[in-house]
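In what follows, a single structure is set out as structure tokens and then discussed.
Just so you know, all these numbers are worked out from the coordinates, no wet-lab data involved. Note that the structure is a prediction, hence the values are computed from the model and not measured.
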Amino acid sequence: MIKLSRRMKIAAAAAVFALIAVSGYAGEHFERDAFIMETVATDDGALYIPETEDAENNGKININSAGEADLVKLDGIGEALAGRIIKYREENGAYGTIEEIMNVSGIGEKKFANIKDYIYVN
């Protein structure tokens, strides 16, 4: 067993504290830099932020990755039906086409007609 003097213990504790503090700062700093690196300044000084997957798909919802919070945004889809959409996906794999969502109990042709323009598969 190594015996340390009181002064050495304090120095070791200060070093550990400094490492923890620096690692927290570095995490925040690198996340901010990663965001900045993804943005590009335009000629007028505005920032261009690359589009996300949802923006690229005109705000449509990917039924292969959407959670309950996104699915309930669709017309006529409540929490219970959103749960069945997710459960179907988990049991049968990813939806191959948007029409396959009609295999979910509670989604017939009429409900599909109301949501088909707002969903996609990827």
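Mind checking the full-extension length gain between ASN103 and ASN64? Use 0.36 nm per residue of separation minus the Cα-Cα distance, one decimal, nm.
Full extension of this stretch gives 12.6 nm more.
Convert each backbone phi in the stretch 79-86 into a coupling constant with the Karplus relation 6.51 cos²θ - 1.76 cosθ + 1.60 (shift: θ = phi - 60°), then list the ³J(HN,Hα) values in order as whole Hz, x for Gly and Pro.
Here the 3J(HN,Hα) series is 4, 5, 5, 4, x, 5, 4, 5 Hz.
Check ILE119: other-chain or 5+ apart residues with amide H under 5 Å from its amide H, H built from backbone geometry?
ILE61
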